[in-house]
1. Kindly indicate whether GLY398 is of a type outside the set (A, V, I, L, M), touching a Lys or Arg at 6+ places or on another chain (Cβ under 7 Å) and under 23 Å from GLN152 (Cα atoms).
2. What helices (runs of 4 or more DSSP H) lie completely within segment 1-93 and have 3 or more residues being buried (at least 19 other Cβ atoms within 10 Å of the Cβ) and touching a strand residue (DSSP E or B) at 6+ places or on another chain (Cβ under 8 Å)?
3. All but one of (1) surrounded by fewer than 17 Cβ atoms within 10 Å (Cβ to Cβ); (2) of a type in the set (D, E, K, R); (3) in contact (Cβ under 8 Å) with a residue 12 or more places away in the chain hold for GLU315, so report the exception by its number.
4. Restricting attention to segment 166-183, and to residues there that are in a loop (DSSP other than H, G, I, E, B) and in contact with a strand residue (DSSP E or B) (Cβ under 9 Å, 6 or more places away or on another chain), which single residue is surrounded by the fewest Cβ atoms within 10 Å (Cβ to Cβ)?
5. Can you work out which of the residues in segment 327-345 that are crowded, with 22+ Cβ neighbours inside 10 Å and small (Gly, Ala, Ser) is farthest from ALA278 (Cα to Cα)?
6. Residues of segment 359-374 being surrounded by fewer than 24 Cβ atoms within 10 Å (Cβ to Cβ) and either assigned to a loop (DSSP other than H, G, I, E, B) or of a type in the set (S, T, N, Q) (or both), which ones?
7. State yes or no: is ALA347 touching a strand residue (DSSP E or B) at 6+ places or on another chain (Cβ under 9 Å) and outside any loop (DSSP other than H, G, I, E, B)?
8. Since PHE93 meets every condition but one in (1) in contact with an Asp or Glu (Cβ under 9 Å, 6 or more places away or on another chain); (2) free of Cβ contacts under 8 Å to residues at least 60 places away in the same chain, which condition does it not meet?
Amino acid sequence: MKIAVIGGGPAGLMAAETACAAGAQVDLYDAMPSAGRKFLLAGKGGLNLTHSEPSENFLSRYGERRAQIAPLLTSFGPDALKAWARGLGIETFVGSSGRVFPKDLKAAPLLRSWLRRLRKSGVQFHVRHRWIGWDEQGSLLFSTPDGQRAVQTGAVVLALGGGSWPKLGSDASWVPLLANRGIQVAPLQPANCGFDVGWSEHFRTKFAGRPVKSVAVVMRNDAGTESWHPGECVITETGVEGGVVYTVSASLRNEILAKGFATLRLDLAPDRDSSRLAHDLARPRGKRTMATHLQRQAHIEGVKAGLLREVVSKEDFADPVRLAAAIKSLPLKLVAPRPLEEAISTAGGVPFEALDERLMIRNLPGVFCAGEMLDWEAPTGGYLLTACFATGRAAGAGAVTWLTKRGEG
């Protein structure tokens, strides 16, 4: 049986490995000069493979798509992913945040070992092959340096990524190709992204590029219940980005779509009680400046003090109770998410409702989808990669099963 995998990221490589292990002849096509380019860049600061938190918490990270992602992770979840990495000679460890990393933190050794094993097992790689659709005979069409090429295959796994980081291959050029075949694709949107605030010139000039450490995002659900998400973020030229913002970026993006803006509430002193803060701030400051008073009584200085000055009125600054409330829940008005090409990942894509349980497009028999081009999203922290691996494995296995049932095994 012949299977074509289009896309050389984690989902595509896992689909190829799974299909090849089941006896299929696998050809993998990628538009870039080499496979795994986004994977390598994502691991530049430390490859976060997965997360060690309990299953219930882990599954909650997939939000509205939990029901569709859960069975895929049952087949290939965090523990299976760590065992798989071990099989490549890559040992992992759990960081203080619960995130799971290779012991050397690097993506390159894992990718090299993986590609070596794939080639040894028989997977054929075809780089600089950009998929441009189908011809009238149903063959896959590719644009290559040597001209257009048509390829006949038994089944195809599409693992073409979303629309973020287009320079590394995820440019969403597949969207019109599927639309021309009658497949409705949920609009692609930025996920794990920064947001525009509209800083004053003074604040932007002084603090752009500065990290805001030891903070928490305060979120309120429809029932009014508050939750805290600790972490850190970074002030940018246009607004704010970083891990703690990415954790809640889906909610913020959707709020902007609904209302035209969203409010991000930052707790600048997550280890301090509000009433205690108010008590300390009410102490006489004598001849000390307000900046010195803030630093001494609330441990607020630098960029955190700048944020307070940017947002809090003079009247509230003069009132210890209201100032303490602002420190514990500083409202930042977000006016827009950053563009899709700047985002870490993508929301939207091929809806699960258009797929069967094997991740085959119902209206395109023999065409399977995997990875970020599916309509799901998750925060950073290993959740993105884990689901990409799991969907790739499911799609590769699904293609083999489909061909086998057709008598092509």
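Read-outs: derived from the displayed coordinates by stated rules, not from any lab. Source: prediction; values computed, not measured. Methodologically, a virtual Cβ is constructed for each residue, glycine included, from the backbone with ideal geometry; neighbour enumeration extends over all protein chains shown.
1. So GLY398 fits the description; yes.
2. Per the criteria, 10-21, 78-87.
3. (3)
4. ASN180
5. SER345
6. ARG362, ASN363, LEU364, PRO365, GLY366
7. Here the answer is yes, as ALA347 does meet what is asked.
8. (1)
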